[in-house]
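Undergrad: Sharing a structure with you now.
The values are calculated or read from the model by the stated rules, or taken from the named source; none is laboratory data. All figures in this text were calculated on a predicted structure; none of them were measured in a lab. No Cβ is skipped: glycine too gets one built from the backbone with ideal geometry, and neighbour counts run over all protein chains shown.
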Amino acid sequence: MNFAGSTHIHLSAVLDLRDSSIRVQVPTYKSYNLVGNFYTKRIQHRARGILETSTVFQKSNTKFLVNATSGHPLESEPKAYPNTPWNSAKNALDAFYRFSRPHTVIGTALSIISVSLLAVEKLSDISPLFFIGVLEAVVAALFMNIYIVGLNQLSDVEIDKVNKPFLPLASGEYSTLTGIMIVTSFSIMSFWLGWVVGSWPLFWALFVSFVLGTAYSINLPLLRWKRFALVAAMCILAVRAVIVQLAFYLHIQTHVFSRPAVISKPLIFATAFMSFFSVVIALFKDIPDIEGDKIFGIKSYTVRLGQEKVFWTCISLLEMAYGVSILVGATSPYTWSKVITVLGHSVLASILWIRAKSIDLKSKAAITSCYMLIWKLFYAEYFLIPLIR
């Protein structure tokens, strides 16, 4: 601009909007008159206003992006939950729930209750004495179950960061010391309860489970048997199929009812069927974990043979087991037992087959969901076992 009676004043303001920021340049001049100085200050003042507006916009935009990426609603900022004793207790319970691997806890409890019912011969056997004996077995076994799954997590922290990052040790919610304290406490409580009860079948069930569970997971010379697919499967089979069926049945039969040990047809069926199921669980559990197992050198059958082959091997084994179950049920002399067991196993076999045909083996989420279905079928079987007569 050219003002009368004044030197030429050249003012430049550059607005750079890249990356949501504003850069203002006001050069220094050799001479100013009153009018020039006035306009220079006006421009500087406006530039500062624009810069402040940009800063506010940037902060607002940052909040918007944080809300969007964190999964909170964009309409409002995420609420800050106070660190109250109630919330702390809920978080602690949630972490312990995940640490205990609840699907195994449910399986253990149902299996013991189901096998205990095999020892019931008449209605009068369902007495307070029976319930106390079952409760003693369930509590002691659950303590040992938590020791076994907890030790496995302590030994697999780095693998779980890849395969199961939601577990408390892998996510950092639990320290290694916390994990050690939990597994040590629960193993001691399990043995203490087994000893106080005075049932030798119960105590030996706990002891053998402790030995096999420790050998399966702990990283010591000649141990950590989970590295070897066949040995790992045999450990799971021994605990889930043999020890649970025989030892807890004998606990009720000999310790609670004070009867001689008798190996009955339902007990033989339960042991044989759960042998198939235990092998399937041992094989299937590694299918969604193939990525971490490859990285850390776990030579599972899934790593060796591939997901698809192991998946269909598991499905075939279970379908064979259901076929045998239908035949066993059909030979029962009791009509009610024949109808329930034949129909029940037919339904479970159909559910498994329909689900297996629809699984996308490239999706880890789909495979994990199918693995959880197999555990549900495992639970369902323990409702049918006491009805085999």
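Undergrad: Here are some residues: Ser199, Ser171. Which one is within 30 Å of Ser264 (Cα to Cα), assigned by TED's automatic domain parsing to the domain that holds Phe257 and among the hydroxyl-bearing types (Ser, Thr, Tyr)?
TA: Details: Ser171 fails: within 30 Å of Ser264 (Cα to Cα).
Going through Ser199, Ser171 in turn, just one is within 30 Å of Ser264 (Cα to Cα), assigned by TED's automatic domain parsing to the domain that holds Phe257 and among the hydroxyl-bearing types (Ser, Thr, Tyr): Ser199.
Undergrad: Quick test for you: out of Lys309, Lys362, Lys376, Lys357, pick the one residue that is within 26 Å of the chain's Cα centre (by Cα) and either surrounded by 13 or more Cβ atoms within 10 Å (Cβ to Cβ) or at pLDDT 95 or above (or both). Before you say what the answer is, go through the steps one by one.
TA: Values: Lys309 fails: either surrounded by 13 or more Cβ atoms within 10 Å (Cβ to Cβ) or at pLDDT 95 or above (or both); Lys362 fails: either surrounded by 13 or more Cβ atoms within 10 Å (Cβ to Cβ) or at pLDDT 95 or above (or both); Lys357 fails: either surrounded by 13 or more Cβ atoms within 10 Å (Cβ to Cβ) or at pLDDT 95 or above (or both).
Only one candidate passes the filter, namely Lys376.
Undergrad: I need the full set of residues from the stretch 98-135 which are over 16 Å from the mean Cα position of the chain (by Cα), among the β-branched types (Val, Ile, Thr) and surrounded by fewer than 19 Cβ atoms within 10 Å (Cβ to Cβ), in order please.
TA: Ile113, Val120, Ile126, Ile132
Undergrad: List every residue pair whose Cβ atoms sit under 6 Å apart, with the two residues 6 or more apart in sequence or on different chains, where the first one lies in the stretch 109-136 and is without any contact (Cβ under 8 Å) to a residue 60 or more places away in the chain and the second, anywhere, is aliphatic (A, V, I, L, M) and part of a helix (DSSP H, G or I).
TA: These pairs meet every condition: Ala109/Val138.
Undergrad: Follow-up. Looking at Phe248 and the list (1) at pLDDT 90 or above; (2) over 20 Å from Arg389 (Cα atoms); (3) of a type outside the set (Val, Ile, Thr), which single condition is not satisfied?
TA: (2)
Undergrad: A further question follows. Mind telling me which of the residues Ser258, Ser337, Ser316 ends up being in contact with a helix residue (DSSP H, G or I) (Cβ under 9 Å, 6 or more places away or on another chain) and of a type in the set (Ser, Thr, Tyr)?
TA: Values: Ser258 fails: in contact with a helix residue (DSSP H, G or I) (Cβ under 9 Å, 6 or more places away or on another chain); Ser316 fails: in contact with a helix residue (DSSP H, G or I) (Cβ under 9 Å, 6 or more places away or on another chain).
Residue meeting the stated conditions: Ser337.
Undergrad: For the structure I just gave you, tell me whether Thr184 is surrounded by 14 or more Cβ atoms within 10 Å (Cβ to Cβ), among the hydroxyl-bearing types (Ser, Thr, Tyr) and out of contact with any strand residue (DSSP E or B) (no Cβ under 9 Å at 6 or more places or on another chain). Talk me through it step by step, then tell me what you get.
TA: On the way: surrounded by 14 or more Cβ atoms within 10 Å (Cβ to Cβ): no; among the hydroxyl-bearing types (Ser, Thr, Tyr): yes; out of contact with any strand residue (DSSP E or B) (no Cβ under 9 Å at 6 or more places or on another chain): yes.
No.
Undergrad: Oh, and also: Taking the stretch 367-389 only, how many residues are within 30 Å of Ser332 (Cα to Cα) and touching a residue at least 12 places away in the same chain (Cβ under 8 Å)?
TA: Step one: filter the stretch 367-389 for residues within 30 Å of Ser332 (Cα to Cα), giving 373-389.
Checking which are touching a residue at least 12 places away in the same chain (Cβ under 8 Å) leaves us with 373-375, 377-389.
Here the count works out to 16.
Undergrad: What's the number of the condition Cys314 fails, among (1) of a type outside the set (Asp, Glu); (2) in a helix (DSSP H, G or I); (3) surrounded by fewer than 19 Cβ atoms within 10 Å (Cβ to Cβ)?
TA: (3)
Undergrad: Can we say Ile148 is in the same structural domain as Val244 (by TED's automatic domain parsing) and either out of contact with any helix residue (DSSP H, G or I) (no Cβ under 9 Å at 6 or more places or on another chain) or surrounded by fewer than 20 Cβ atoms within 10 Å (Cβ to Cβ) (or both)? Show your work before the answer.
TA: Details: in the same structural domain as Val244 (by TED's automatic domain parsing): yes; either out of contact with any helix residue (DSSP H, G or I) (no Cβ under 9 Å at 6 or more places or on another chain) or surrounded by fewer than 20 Cβ atoms within 10 Å (Cβ to Cβ) (or both): no.
Judged against the criteria, Ile148 is not a match.
Undergrad: Here's something else I'd like to know. Is there a residue being in contact (Cβ under 8 Å) with a residue 40 or more places away in the chain, small (Gly, Ala, Ser) and crowded, with 16+ Cβ neighbours inside 10 Å anywhere in the stretch 192-201? Break it down stepwise before answering.
TA: Of all residues in the stretch 192-201, those in contact (Cβ under 8 Å) with a residue 40 or more places away in the chain come to 193-194, 197-201.
Among the residues that remain, those that are also small (Gly, Ala, Ser) are: 194, 198-199.
Next, from what is left, pick out any that are crowded, with 16+ Cβ neighbours inside 10 Å: 194, 199.
There is at least one residue in the stretch 192-201 that is in contact (Cβ under 8 Å) with a residue 40 or more places away in the chain, small (Gly, Ala, Ser) and crowded, with 16+ Cβ neighbours inside 10 Å.
Undergrad: Starting from the stretch 300-318, take each residue that is under 21 Å from Met274 (Cβ atoms) and list its partners that are hydroxyl-bearing (Ser, Thr, Tyr), counting only C-beta distances under 7 angstrom and pairs at least six apart or across chains.
TA: Val310/Tyr301; Val310/Thr302
Undergrad: For Pro260, only one of the following conditions fails: (1) under 16 Å from Ile113 (Cα atoms); (2) at pLDDT 90 or above. What is its number?
TA: Here Pro260 meets the rest and fails (1).
Undergrad: For the stretch 276-301, give me the residue count where each residue is buried (at least 21 other Cβ atoms within 10 Å of the Cβ), in contact with a Lys or Arg (Cβ under 7 Å, 6 or more places away or on another chain), more than 14 Å from Leu317 (Cβ to Cβ) and not β-branched (Val, Ile, Thr).
TA: Final tally of qualifying residues: 1.
Undergrad: Just need a number here: residues in the stretch 89-127 that are in a loop (DSSP other than H, G, I, E, B) and of a type outside the set (A, V, I, L, M, F, W, C). Let's see the steps before the verdict.
TA: Our first condition is that a residue be in a loop (DSSP other than H, G, I, E, B); within the stretch 89-127, this holds for 100-101, 118-122, 126-127.
Narrowing the set further to residues that are of a type outside the set (A, V, I, L, M, F, W, C) leaves 100-101, 121-122, 127.
Number satisfying all stated conditions: 5.
Undergrad: On the given criteria, is Trp375 in contact with a Gly (Cβ under 9 Å, 6 or more places away or on another chain), part of a helix (DSSP H, G or I) and more than 24 Å from Ser264 (Cα to Cα)? Even if it seems obvious, please write down each step before you answer.
TA: Numbers: in contact with a Gly (Cβ under 9 Å, 6 or more places away or on another chain): yes; part of a helix (DSSP H, G or I): yes; more than 24 Å from Ser264 (Cα to Cα): yes.
Yes; evaluated as a whole, the condition is true for this residue.
Undergrad: Are any residues in the stretch 340-350 surrounded by 14 or more Cβ atoms within 10 Å (Cβ to Cβ) and either in contact (Cβ under 8 Å) with a residue 24 or more places away in the chain or within 18 Å of Tyr371 (Cα to Cα) (or both), and if so, which ones?
TA: Keep residues of the stretch 340-350 that are surrounded by 14 or more Cβ atoms within 10 Å (Cβ to Cβ), which gives 340-342, 344-346, 348-349.
Matches in the stretch 340-350: Ile340, Thr341, Gly344, His345, Ser346, Leu348, Ala349.
Undergrad: Give the residue, chosen from Lys294, Lys265, Lys364, Lys357, that is without any contact (Cβ under 8 Å) to a residue 60 or more places away in the chain and either more than 24 Å from Trp225 (Cα to Cα) or among the β-branched types (Val, Ile, Thr) (or both).
TA: Lys357
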